[in-house]
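The values are calculated or read from the model by the stated rules, or taken from the named source; none is laboratory data. Computed from a predicted structure; not experimentally measured. Cβ placement follows ideal geometry from the backbone for every residue including glycine, while neighbour counts extend to all protein chains displayed. SASA here: full protein model, heavy atoms, side chains in, ligands and nucleic acids out. Shrake-Rupley method; radii C 1.70, N 1.55, O 1.52, S 1.80 Å.
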Amino acid sequence: MTDSVEVLITADRVPSYAHAGDAGADLHAAEAVVLEPGERATVATGVAIALPDGYVGFVVPRSGLAFKHGITIVNAPGTVDAGYRGEIKVALLNTDSSESYTIEPGDRIAQLVVMPVSRARFIEVERLPGSQRGEGGFGSTGFGEHKSGVNA
Ligand SMILES: O=c1ccn([C@H]2C[C@H](O)[C@@H](COP(=O)(O)OP(=O)(O)OP(=O)(O)O)O2)c(=O)[nH]1
Ligand SMILES: [Mg+2]
C-alpha cells in the first residue's frame with residue numbers, strides 16, 4: 001500500500017484512479033469544446049480542491065490522447081498550488097495540423113498527480129560549491145549512447 005493523502009474536493013465528478021498504483025487521477029471535462037487544428041483552449045473540469053500545505057497538484061497530459069490525437073497540455077505540467085481554491089482548468093492544445101478534436105462533457109482530458117513538495121529557502125552566496133557536472137548543460141554530454149560517467 002502506497003502513501004495517500006486526504007484532499008478536500010468539490011466536484012461534479014470526482015477524479016478517479018483507473019488502477020491500483022496509478023499515479024494520476026483522471027480529470028473529466030465539464031463542458032464541450034471543439035479544438036480546431038493548432039488551437040488551444042482552457043477546458044473546465046468542475047473540480048476544486050484544497051491540498052494540504054506542502055503538496056502540489058500537477059495537471060499532466062494523458063498519453064493516449066497525445067499519441068492518438070495530438071492533444072496535449074500547453075503548460076504541462078500545470079501547477080495547482082495548495083492555496084488555490086478555484087476550479088482546475090486544463091489548457092489543451094490540438095497539435096494536429098489537419099484534424100479537429102471534439103471534447104465531450106465527461107471525457108477524461110488530463111490527469112492530476114498529487115505530490116509532496118519542498119519550498120526552497122534561498123540562501124544567497126558569493127560562489128556556489130563545485131560539483132561533478134559543473135556548468136555543463138543543454139546537451140553537454142552529447143546525444144549518442146552515453147559511454148562515460150559515474151555508472152559506466
Ligand atoms: O493547468 C493549470 C495550471 C494552473 N491552474 C490554476 C491553479 C494554480 O494554483 C493557478 C495559478 O497557476 P500558475 O501559478 O501556474 O499560473 P500564473 O500564470 O503564474 O498565475 P498566477 O499569477 O495566478 O499565479 O491556476 C489550473 O487550474 N490549471
Ligand atoms: Mg503563478
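Key figures
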read-out	value
Condition met for ALA20 (open to solvent by 70 Å² or more (accessible area, probe 1.4 Å) and either out of contact with any Asp or Glu (no Cβ under 9 Å at 6 or more places or on another chain) or within 15 Å of ligand 1 (Cβ to nearest atom) (or both))	yes
Residue match in region 29-37 (condition: closer than 16 Å to VAL113 by Cβ and either open to solvent by 50 Å² or more (accessible area, probe 1.4 Å) or of a type in the set (Asp, Glu) (or both))	no
Search result, residues across region 100-114 that are within 19 Å of GLY78 (Cα to Cα) and among the aromatic types (Phe, Trp, Tyr)	none
Condition met for GLY70 (at positive phi and among the small types (Gly, Ala, Ser))	yes
Subset tally (residues that are in contact (Cβ under 8 Å) with a residue 24 or more places away in the chain and either over 30 Å from SER4 (Cβ atoms) or touching a Ser or Thr at 6+ places or on another chain (Cβ under 7 Å) (or both)) for region 101-141	3
Subset of region 50-78 (residues that are in contact (Cβ under 8 Å) with a residue 60 or more places away in the chain and hydrophobic (A, V, I, L, M, F, W, C))	LEU51, VAL56
Which listed residue is more than 25 Å from THR10 (Cβ to Cβ) and touching a Leu at 6+ places or on another chain (Cβ under 6 Å), from THR102, THR95, THR72	THR72
Within region 26-39, tally of residues that are farther than 21 Å from SER98 by Cβ and outside any loop (DSSP other than H, G, I, E, B)	3
Residue ranges of strands (runs of 3 or more DSSP E) in region 40-152 with at least 2 members in contact with a helix residue (DSSP H, G or I) (Cβ under 7 Å, 6 or more places away or on another chain) and either within 16 Å of ligand 1 (Cβ to nearest atom) or open to solvent by less than 80 Å² (accessible area, probe 1.4 Å) (or both)	71-73
